[in-house]
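I have placed the structure first, in the form of structure tokens, so that the comments after it can refer back to it.
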Amino acid sequence: MTKIPEPVHVIGAGMAGSEAAWALAEASVPVVLHEMRPVVQTDAHQTDGFAELVCSNSFRSDDAEQNAVGLLHEEMRRAGSLTMAAAEIAKVPAGGALAVDRDGFSQFVTEKLKTHPFVTVERGEVAGLPPSDWDNVIIATGPLTSAALGEAIAELTGAEELAFFDAIAPIIYRDSIDMSVCWFQSRYDKVGPGGNGKDYINCPMTKDQYENFIRELIESEKGDFKEWEKNTPYFDGCLPIEVMAERGAETLRWGPMKPVGLTNEHDPQVKPYAVIQLRQDNALGTLYNMVGFQTKMKHGEQTRVFRMIPGLEKAEFARLGGLHRNTFLNSPKLLDGVMRLKKQPRLRFAGQVTGVEGYVESAAMGLLAGRFAAAERLGQGISTPPRTSALGALLAHITGEANAETFQPMNVNFGLFPEVEVPLGEDGKRPRGKAKGPARKRAYTSRALHDLDLWLNPRAEAAE
């Protein structure tokens, strides 16, 4: 009779913790999954569900051939990711992006983990470092680590805690949007997962409307910071809309409000000066979020300023934007190559707390942490993903290749991958000009998936 191994404790049932618990359970390793909600709530969460999406509902591009995050999606699918299985069930139209109904997504993840025979869920805060008899622990408490645990980790590492602000975009009721002004269209009519090329609601602006809007954004009343928040930097990938506006009058027009790839069906001859896009936020299509419109404006100011947008004059908000503090470790300095704390290897970290940015990146690190912890518990050798894969590139970045002195949260991108040689074309020459970029990306992604498959199926490598 096979002896059942001792459980691994996973603290936090967010994106990374849920993925880690799933990887362990699927390897037949018992898991105790600790989630403090609803016993202790956070400033950003609204439910007690696992893997609750508190900011955007988008996992970004699903293009596994030309985009690094799309490649990461595909790698995770091949590795048995719970996140990607849930996304497939809960996906909503979003052009070339993969976006989900946030409630359906969380419900799927929660149900899968709660009913898994190798998972035990314990509700309540782990206040401080885990007990010493927990010999294999994954800390995946995400951007909102509780104060007691955060302070204990900071004291243990001896490192000053790093932090940044993460902003949340508003969500609008679909039936309050004026579709005589707005129209459905994806940029360049791009069709993505579950979409049809008309997956965004577009709100057009003239030059005068845009300039007035920018002025009101900058002059609007902002939320106050608490004393401990005042010196906390922003993460550039999630800047509040008004902070972007302050960087220059044209910043938003060439950022989230860029008018390219769109034609106003109400007046095709007139090109909009700027466009605000709204993306479907739930499966019913009753809620839409404002793409790229994270904000720290006070709630009253949000309704006033955002109703200046053509088509949103009577907008009703299901949720207004907000701001919360994120925390992360100086991972290149503190963690080893398999995400264990160097000072106390029984503790392994996963998710945003390790310094990756984005839902999928966080879940990916949870997937790896779960696989590593399972191998450790089962007495097997730990095998890390190939450096040429998206999983391997992210892992290498946070566990040593990034500069510890300037370390900041990072999304997956091709800049993290080892250089690749673009293969010769049919004419025997390497692509040049506009063809070079897409060919290079295809070279990165095809190499990554080939090498990942060999890692996931080592017998195939032996047969090559």
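The values are calculated or read from the model by the stated rules, or taken from the named source; none is laboratory data. Owing to the predicted nature of the structure, the values given are computational and were not obtained by experimental measurement. For neighbour counting, all protein chains shown are included, and Cβ atoms are generated from backbone atoms with ideal geometry for every residue, glycine included. With ligands, DNA and RNA removed, areas are computed over all heavy atoms of the protein, side chains included. Shrake-Rupley method; radii C 1.70, N 1.55, O 1.52, S 1.80 Å.
Hey, any hits in the stretch 46-55 for a residue that's open to solvent by 20 Å² or more (accessible area, probe 1.4 Å), at pLDDT below 95 and charged (D, E, K, R)?
Yes, the stretch 46-55 contains a residue that is open to solvent by 20 Å² or more (accessible area, probe 1.4 Å), at pLDDT below 95 and charged (D, E, K, R).
Between residues in the stretch 422-442 that are without any contact (Cβ under 8 Å) to a residue 12 or more places away in the chain and residues that are assigned to a helix (DSSP H, G or I) and open to solvent by less than 100 Å² (accessible area, probe 1.4 Å), which pairs lie under 7 Å by C-beta distance while being six or more apart or on different chains?
Here the result reads 431/439, each pair linking the stretch 422-442 to a residue that is assigned to a helix (DSSP H, G or I) and open to solvent by less than 100 Å² (accessible area, probe 1.4 Å).
Can you spot a residue in the stretch 184-204 that is among the charged types (D, E, K, R) and at pLDDT 95 or above? If you could, list the steps in order and put the result at the bottom.
So the first thing to find is which residues in the stretch 184-204 are among the charged types (D, E, K, R), and the list is 187, 189-190, 198-199.
Narrowing further to those that are at pLDDT 95 or above: none.
No: zero hits.
Restricting the search to the stretch 393-414, which residues are more than 17 Å from the chain's Cα centre (by Cα) and either outside any loop (DSSP other than H, G, I, E, B) or without any contact (Cβ under 8 Å) to a residue 40 or more places away in the chain (or both)? Lay out the reasoning, then the answer.
Pass one, the stretch 393-414, residues more than 17 Å from the chain's Cα centre (by Cα): 396, 399-407.
Matches in the stretch 393-414: 396, 399, 400, 401, 405, 406.
Inspect all residues belonging to the stretch 364-379 and state whether any of them is open to solvent by 10 Å² or more (accessible area, probe 1.4 Å), of a type in the set (A, V, I, L, M, F, W, C) and touching a strand residue (DSSP E or B) at 6+ places or on another chain (Cβ under 8 Å).
no
Does the stretch 1-15 hold any residues that are in contact with a strand residue (DSSP E or B) (Cβ under 8 Å, 6 or more places away or on another chain) and among the small types (Gly, Ala, Ser), and which are they?
Residues satisfying the conditions are 12, 13.
Residues that are modelled with pLDDT of 95 or more and within 20 Å of the chain's Cα centre (by Cα): find the helices (runs of 4 or more DSSP H) completely inside the stretch 59-170 holding 2 or more of those.
The qualifying helices (runs of 4 or more DSSP H) are 68-78, 82-90, 102-114.
Would you be able to tell me the number of residues in the stretch 377-394 that are of a type in the set (A, V, I, L, M, F, W, C) and either more than 20 Å from residue 342 (Cβ to Cβ) or in contact with a Leu (Cβ under 6 Å, 6 or more places away or on another chain) (or both)?
Summing the residues that are of a type in the set (A, V, I, L, M, F, W, C) and either more than 20 Å from residue 342 (Cβ to Cβ) or in contact with a Leu (Cβ under 6 Å, 6 or more places away or on another chain) (or both) in the stretch 377-394 gives 4.
Please find, within the stretch 415-445, the residue that is least open to solvent (accessible area, probe 1.4 Å) out of those that are closer than 20 Å to residue 365 by Cβ and not in a helix (DSSP H, G or I).
Top of the filtered list is 417.
Restricting to the stretch 446-463, and then to whatever is among the aliphatic types (A, V, I, L, M) and exposed (fewer than 12 other Cβ atoms within 10 Å of the Cβ), can you tell me which residue is modelled with the lowest pLDDT? If you could, list the steps in order and put the result at the bottom.
Of the stretch 446-463, the ones among the aliphatic types (A, V, I, L, M) are 448-449, 452, 454, 456, 460, 462-463.
Within this subset, residues satisfying the condition of being exposed (fewer than 12 other Cβ atoms within 10 Å of the Cβ) are 460, 462-463.
Details: 460: 60, 462: 49, 463: 53.
Going through the qualifying residues, I end up with 462.
If residue 173 satisfies all but one of (1) at pLDDT 95 or above; (2) among the aromatic types (Phe, Trp, Tyr); (3) open to solvent by 40 Å² or more (accessible area, probe 1.4 Å), what's the number of the condition it fails?
It fails just one condition, (1).
Condition check ((1) under 26 Å from residue 175 (Cα atoms); (2) at pLDDT 95 or above) across all residues:
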| position | (1), (2) |
| --- | --- |
| 232 | no, no |
| 247 | no, no |
| 250 | no, no |
| 256 | yes, no |
| 269 | no, no |
| 282 | yes, no |
| 299 | yes, no |
| 306 | yes, yes |
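Restricting attention to the stretch 86-104, which residues are of a type in the set (A, V, I, L, M, F, W, C), touching a residue at least 24 places away in the same chain (Cβ under 8 Å) and surrounded by fewer than 24 Cβ atoms within 10 Å (Cβ to Cβ)?
Within the stretch 86-104, 90 is the sole residue that qualifies.
Working only within the stretch 334-353, note down all residues that are over 17 Å from residue 389 (Cα atoms), touching a residue at least 60 places away in the same chain (Cβ under 8 Å) and not hydrophobic (A, V, I, L, M, F, W, C).
336, 343, 344, 346, 348, 351, 352
Return the total of residues in the stretch 401-414 being out of contact with any Lys or Arg (no Cβ under 9 Å at 6 or more places or on another chain) and open to solvent by less than 70 Å² (accessible area, probe 1.4 Å).
5
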